[in-house]
Structures are given as C-alpha cells and as structure tokens.
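Rule-based calculations on the coordinates, nothing more; no lab input. Predicted, not measured: the structure shown is a model, and the values here were computed from it. Please note: Cβ atoms are built from the backbone with ideal geometry, for glycine as well, and neighbour counts cover all protein chains shown.
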Amino acid sequence: MQDIPVVIVGGGLSGLYAAFLLEQKGIAYRLLEARDTFGGRIAVAKYPDAHATNNNTDIDQAESSAAFDLGPSWFWPDYQTQLSSLVESLNLSRFAQFEEGDMMVERIANQPPVRMQGYKSAPPSMRLVGGMAALTDALYARDASCIMTSQTVRQLNKTSQYIEVQSEDSSGHMTTLRAKHVLLALPPRLVEGRIAFQPALPQDLSEQWRETATWMAPHAKYVAVYESPFWRDAGFSGAARSAIGPLTEIHDASTLEGDGALFGFFGVPVQVRQSVSDTVLKEHCRAQLVRLFGEQANTTKAEYLKDWAKDPLTAMSADASGNGQHAVAPPSKPKTGMWQDCITGCGSEWSAQFPGYVAGAIDAATVAVQSLPATILRQ
Ligand SMILES: Cc1cc2nc3c(=O)[nH]c(=O)nc-3n(C[C@H](O)[C@H](O)[C@H](O)COP(=O)(O)OP(=O)(O)OC[C@H]3O[C@@H](n4cnc5c(N)ncnc54)[C@H](O)[C@@H]3O)c2cc1C
C-alpha cells in the first residue's frame, strides 16, 4: 500500500487542474479516473476518426482531425478571467461563436419554420480551436505520470492516521492507496451516490451533496458534420430554436479551419430518448435540420450523439428531472466529525462563483488546493 499526501478522485477539468496546481507546489499526488480516458464532461468527437467509420458515436483521440464538442463549447473570457488567463498561458487559440446572419424558428408542427433576424450574444461566447478538450489535453500533457485511468473509486475509509482510497479497475481488481487528503473532483451528487464512506459522512452534508444537481447531466447533444458550412452561403447563422424538436436549440459548430457542423440540444425528455435507438434519434435530428436549412442538411459526413443522462459517470437517476437552473454550491467539506480537514469537494458544482461551468472547475480546484491543511501545503 502506498502513502500519498493527496489523492484526487476524478480526471475531468477540475481534477486535472488540481493536479496541475499540486504539481506547481511540489506536492505529491495520484489522480484516479474511472473512465479509460480523462476530460469527464469535456469530450469531443473527432472527424475523420482514426479507429472507426462514419456515423459512429465514439469519442476518439485521433490526431490531425477536426474536433466537435459533445460537452461544453463555450466560455466567456470577459468575466471568466481566471479561465481566460489559463487558456492564454497554455497557448490555446480561441474564436468567437459564429452568429452572423439570420436564424430559424419553428413554433407549430406541420407549418414551415420562420426565418428571423439573428442576434449576437453579449459578451460573445468563445470557443477553443480543437474543441474544449484542447484545455484538458494541454493540462494532461503537463504531467501524466501520476494520472491513472480506469480506476473507479468505490470506497473511502478513514482511520486515525490516513484515508484508505479503494478503487476498482475494469477487470474488477481492487487497489488501495493511503492518502492524507482526498480531493473530490467530481459532481457532489456522484460522490454521495457512488462512493461509500466509512464512517458515514455527516447526514446534513450528505443530503446537501445529494440535492445538488449536476449541471447538464440531463442533456444530450447531437452534432452533424458537413463538407462546409453551407447555411452561411444563404445568410443563415446556423442558429435555430424549435418547439417541435427533437432539437430545441441549434448552433453552428463549424471549425475555424472550415469543416461545417451544426449541433443541437435535445428538447425530448430523458425517458423518451432512452426508449428510442440512437439511429432513429439521428434520423429525426437530420430531418429537422432539413426542415430548417434545406436538403443539403441531409448530406452529413458524420453524425454524433452523446446522451449524458445515460452516462453513469456523470448522471444519477435524480438528474433525469433537472430544473434547468445552476445549483447553488454546497459546502465543500465537513465541518465536524472524522472527515473534517481530510476531504474537499473540488468539482465544478462546488464553485461559489461559477457553479457547473467550465470556469467553475478551475475556481473550485483553486479554492480546494489553497485550503489544503497547512501540514500538506508545507511539504
Ligand atoms: C452537454 C454539456 C454542455 C455543457 N456546456 C457548457 C458550456 O458551454 N460552458 C460551460 O462553462 N460549461 C458547460 N458544461 C459544463 C462543464 O462541462 C462542466 O462544468 C465541467 O466540465 C465540469 O468539470 P469537472 O471536472 O468538475 O467534472 P466532470 O467533468 O464531470 O469530471 C468528473 C470526473 O470524475 C470521474 N468519476 C466519476 N465517478 C468516479 C469515481 N467513482 N472514481 C473515479 N472517477 C470518477 C468522471 O469519469 C469524470 O471524468 C456543459 C456540460 C455538458 C455535459
């Protein structure tokens, strides 16, 4: 059994950024990530895909291909200044969401959609070249040696000296690490629902973590890739709103290099989505894009669908009925009992400033690392 000052649970942006900060401070750590890749809710589909044919749903790591966001696309540097500085310091390129031109609106079934004047977001929503995964890739590239994938943390046991962190790999093999402190870099609801604590967490804290909805967990995204952004030639921005569906909100997702793409959020509830195959859902999405932008919308090079509500490493069953609001950040650590001063929540939902946002993952990780006990910070 190894002794480590800090174990980070979760290799999404908050976990990777906490690792980056610990590295800078010279504090030893291990990061345990359940998926076989890192990034968490930050995920991209790559086209062309190195390992698969068109119309697949794989999230892939192919080099030299166009990246399309299946999770977050946007950040707002005007007020998310810490995230913006990080993007700059990692030499990542940004560009504004394409919003030039008219939008389409569908209000009533069996009636043609209406062309309307589009509007621009203020401040502008910014995207990263290479997709949002450019950020997690850049952090991972800094130091991957202490990051372990395919390690699902199942249980934390508190002894008088340390915390035993028990994780399971894909073949069911269990590993135990001994840590002085554990940073919980995943949504509070997942911590409470999927990780066993021995002894149990204080009841009020457990309840608060369970009640904290995971941002975007009920949602699903569809992406259609085209040879070029043909809708722009007709004066459309690619944006659309629909009361008919299956997509409720559609945006241009084209790359700066000129690969055309549209993406949309589903308006169909989780239970209905889960009763239909991905193939059928994609057909309905494509038919909607044809209604909105014409026959050329049928000429997809690739289509991707990511249903986050079906992903047990993001969503719990309680997330099926989200109210669409960002949850208020719960307390990040127990104030009493045996777990006091030895675990800290640092997933994005724990950010008081930007709960649930990409910028929140950076904020929560910063606050969590800054508030580590002095005995660890002095090492
Ligand atoms: C469709 C979608 C669109 C979004 N759009 C935007 C946007 O435009 N702008 C924006 O600011 N935000 C957006 N968000 C939110 C943003 O993605 C998140 O705030 C951010 O990525 C959260 O990072 P995180 O590290 O806190 O959590 P996560 O990314 O959820 O990372 C948690 C990690 O923990 C791992 N894990 C879970 N359980 C265990 C376990 N038991 N053991 C070990 N590891 C475990 C998971 O696999 C995951 O990698 C969007 C999210 C989604 C899903």
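If you take the residues in the stretch 224-235 that are in contact with a Gly (Cβ under 8 Å, 6 or more places away or on another chain) and surrounded by 23 or more Cβ atoms within 10 Å (Cβ to Cβ), which one is nearest to VAL270 (Cα to Cα)? Working first, answer last.
Let us first name the residues in the stretch 224-235 that are in contact with a Gly (Cβ under 8 Å, 6 or more places away or on another chain), namely 225-232, 234-235.
Now narrow it down to the ones that are surrounded by 23 or more Cβ atoms within 10 Å (Cβ to Cβ): 225, 231.
Numbers: VAL225: 24, TRP231: 30 Å.
In this case the residue turns out to be VAL225.
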Taking the stretch 258-277 as the search range and keeping residues that are farther than 21 Å from GLY324 by Cβ and within 16 Å of the ligand (Cβ to nearest atom), which one is surrounded by the fewest Cβ atoms within 10 Å (Cβ to Cβ)?
ALA261
Hey, can you tell me all the residues within the stretch 103-114 that are farther than 14 Å from GLY245 by Cβ and surrounded by 15 or more Cβ atoms within 10 Å (Cβ to Cβ)?
MET103
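Take GLY347 and decide whether it is surrounded by 23 or more Cβ atoms within 10 Å (Cβ to Cβ) and not polar (S, T, N, Q). Give the derivation first.
Working: surrounded by 23 or more Cβ atoms within 10 Å (Cβ to Cβ): yes; not polar (S, T, N, Q): yes.
Considered against the rule, which asks whether it is surrounded by 23 or more Cβ atoms within 10 Å (Cβ to Cβ) and not polar (S, T, N, Q), GLY347 comes out as yes.
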Is at least one residue of the stretch 358-371 away from the ligand (no atom under 14 Å from the Cβ), surrounded by fewer than 18 Cβ atoms within 10 Å (Cβ to Cβ) and more than 14 Å from the chain's Cα centre (by Cα)?
yes
Sort out which residues of the stretch 312-327 are in a helix (DSSP H, G or I) and either polar (S, T, N, Q) or in contact with a Cys (Cβ under 9 Å, 6 or more places away or on another chain) (or both), and write them in order of number.
SER317, SER321
Can you report the number of residues in the stretch 18-40 which are within 8 Å of the ligand (Cβ to nearest atom) and either in a strand (DSSP E or B) or closer than 17 Å to LEU86 by Cβ (or both)?
4
Would the stretch 126-137 turn up any residue that is touching a residue at least 60 places away in the same chain (Cβ under 8 Å), over 20 Å from PRO72 (Cβ atoms) and surrounded by fewer than 20 Cβ atoms within 10 Å (Cβ to Cβ)?
no
For the stretch 138-185, how many residues are within 15 Å of the ligand (Cβ to nearest atom), closer than 30 Å to ASN91 by Cα and out of contact with any strand residue (DSSP E or B) (no Cβ under 6 Å at 6 or more places or on another chain)?
6
Selected residue (criterion: surrounded by the most Cβ atoms within 10 Å (Cβ to Cβ)) from residues of the stretch 314-344 that are closer than 26 Å to GLY71 by Cα and of a type in the set (Ser, Thr, Tyr)
THR314
